[in-house]
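> Mind having a look at this structure? Questions to follow.
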Amino acid sequence: MKKLTTKKWFACCAIMPLTLYINASQAALLSVKLQPSDPHWQLLINNNLLSPTDIKIEPNERSFAQQVKPLLEQGNYQSVANLFKQRELNNDSPALQLLRGQVLLTLKQFKEAELALKASLSTIPDLVKAHQGLSLLYMQQGSYKQAQPHLTRCIELGQADAQVYAQLAYIHVQAEQPWSAIAAYRQALMLEPQQTQYQQGLLFSLISAGDLSQAQVLLKELLNASPENSELWLQRAQIALQQNNNKQALASIEVALKLAPTNANNQLLAAQLHLTQGSYSRSVDLLNKALANTESAHLDEATAVSMQTLNWLIAQQKWAQAKQLIAKLTPFSNKLSKQSQAELSVYSAQLAIEQGNLKQATKRLNKALAIDPNLGDALLSLATIYQQQNQLTQARLMYVRAQALPDFQLSAWLGLAQIEIDSKNYKQALNQLKKAFNANPQRQDLLTNIRALEGLIQREG
């Protein structure tokens, strides 16, 4: 009978890349990380010290009013604040308490502004401008839950303007309540239909809610008006990704990159999309730029995407691009997690194997195992190298370690079987094959080899 050869088994236990790469079926999971535009809420200070329809200052406060009026008209709010420091807050009328709060809020003196606005509300609970001031104060501090009741109260009092609705919409966006945000933004746009900030907020909310048809209509209008707005192109990419249209998403991202060429987030997303389209060189070029431009705060994301890409490149045997990316990642190795350091060493080893440098590959694999002794791919790769070099004792040790790892048992059993076949220990090889088949009964090729090996054993007695 023809002898079972090393070549016949080697395909079962060949060096394998790590299984971290993104495959084509996962492309739809890519998403643009959009955030609602930072709003620029405006505080309107009553420079006329409250109209006749509002609460009025006390007669004994008129001289002070005449003193601050020209300063308010000049926008010299710091001088007004200095004058207020000479007065006791609790001795002022609600009108001056409100004005003090507005001025201090404009100067971003939030603690003092909050005290003044609350003081005015303690006397007149339905003072709309005080509610508006407090809502804006909390919005600027990111305290959206505190802002919401004041905005709601403004609406209940029937004196909500477009900004109140827009602020309420923004709170719903932050709370991930897109349908509520849509309703509020539409109310704001009824009052100020040309306000771009509100239009973009509505667009963001429509995309978040999955109402892509309405989002596309609005986006087309916004792009016609502002074709150089990179954020709008990102949102176009987001819609395309949700529709599984990677080509349109990529085209949109490339436009966004031209408008904001140093944006690392755009570079990373474009790199991933190019990878799904088979544009390996462009993907690596973008990753190189992202790693060069990325600040430390975003380095983890940049290196993570680069590591995923590197895995994909090696799986596709794109060695030239893999070599470039390894060279770019290596200076960052000390900033990677221990697990990523080990994986990078395995990738480097696989590149060394491709280049025929088994000595360098062995060194890098051992380095990976020093970091993570249970890195199955490194164990199998090292076992294969030892097997090729006929260092069977070392190879057997690597396979024994790998068979303790559930995801790598099959390859380890097949590798051990191959060693026993090479050593003509057919009974031991048969035991390993039976382990593999019992764990994987669907593998009829294993059963065929088991029967052939059993026949060989019988003939050799």
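> Taking only pairs six or more apart or across chains, which ones have beta-carbon atoms under 6 Å, a first residue in region 178-191 that is assigned to a helix (DSSP H, G or I), and a second residue that is open to solvent by 50 Å² or more (accessible area, probe 1.4 Å)?
Between residues of region 178-191 that are assigned to a helix (DSSP H, G or I) and residues that are open to solvent by 50 Å² or more (accessible area, probe 1.4 Å), the close pairs are 178/208.
> Here's another thing I want to ask about it. Would it be correct to say that residue 122 is open to solvent by 50 Å² or more (accessible area, probe 1.4 Å), hydroxyl-bearing (Ser, Thr, Tyr) and either assigned to a helix (DSSP H, G or I) or in contact (Cβ under 8 Å) with a residue 24 or more places away in the chain (or both)?
yes
> Consider region 42-89. How many of its residues are part of a loop (DSSP other than H, G, I, E, B) and either charged (D, E, K, R) or modelled with pLDDT under 90 (or both)?
Residues flagged as part of a loop (DSSP other than H, G, I, E, B) and either charged (D, E, K, R) or modelled with pLDDT under 90 (or both) within region 42-89 amount to 20.
> Please find, among 378, 436, the residue that is open to solvent by less than 10 Å² (accessible area, probe 1.4 Å), over 30 Å from residue 338 (Cα atoms), aliphatic (A, V, I, L, M) and outside any loop (DSSP other than H, G, I, E, B).
So the residue among 378, 436 that is open to solvent by less than 10 Å² (accessible area, probe 1.4 Å), over 30 Å from residue 338 (Cα atoms), aliphatic (A, V, I, L, M) and outside any loop (DSSP other than H, G, I, E, B) is 436.
> Here are some residues: 97, 159, 102. Which one is at pLDDT below 90 and of a type outside the set (D, E, K, R)?
159
Okay, residues lined up against (1) touching a Phe, Trp or Tyr at 6+ places or on another chain (Cβ under 9 Å); (2) open to solvent by 20 Å² or more (accessible area, probe 1.4 Å); (3) closer than 19 Å to residue 176 by Cβ:
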site	(1), (2), (3)
186	yes, yes, yes
216	no, yes, no
222	no, no, no
235	yes, no, yes
244	no, yes, no
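Yes or no, residue by residue, for (1) in contact (Cβ under 8 Å) with a residue 60 or more places away in the chain; (2) open to solvent by less than 60 Å² (accessible area, probe 1.4 Å):
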{"site": "326", "(1), (2)": "no, yes"}
{"site": "331", "(1), (2)": "no, no"}
{"site": "336", "(1), (2)": "no, yes"}
{"site": "343", "(1), (2)": "yes, yes"}
{"site": "349", "(1), (2)": "no, yes"}
{"site": "354", "(1), (2)": "no, no"}
{"site": "358", "(1), (2)": "no, yes"}
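> What is the one condition in (1) modelled with pLDDT of 90 or more; (2) under 23 Å from residue 313 (Cβ atoms); (3) open to solvent by less than 50 Å² (accessible area, probe 1.4 Å) that residue 395 does not satisfy?
If we test residue 395 against (1) modelled with pLDDT of 90 or more; (2) under 23 Å from residue 313 (Cβ atoms); (3) open to solvent by less than 50 Å² (accessible area, probe 1.4 Å), just (2) comes out false.
> Now for a different question. Across region 133-166, which residue is most open to solvent (accessible area, probe 1.4 Å) among those that are in contact (Cβ under 8 Å) with a residue 60 or more places away in the chain and within 25 Å of residue 193 (Cβ to Cβ)?
That would be 163.
> Just one of 404, 429 is among the small types (Gly, Ala, Ser) and open to solvent by 60 Å² or more (accessible area, probe 1.4 Å); which is it?
Criteria check complete, one pass: 404.
> Going by what's in this entry, would residue 447 be described as within 30 Å of residue 329 (Cα to Cα) and open to solvent by less than 70 Å² (accessible area, probe 1.4 Å)?
no
The values are calculated or read from the model by the stated rules, or taken from the named source; none is laboratory data. The shown structure was predicted, so the numbers you read here are calculated from the model rather than taken from an experiment. As a convention, Cβ positions derive from the backbone with ideal geometry for all residues, glycine included, and neighbour counts pool all protein chains shown. In case anyone asks, the SASA skips ligands and DNA or RNA and just uses the protein heavy atoms, side chains included. Shrake-Rupley method; radii C 1.70, N 1.55, O 1.52, S 1.80 Å.
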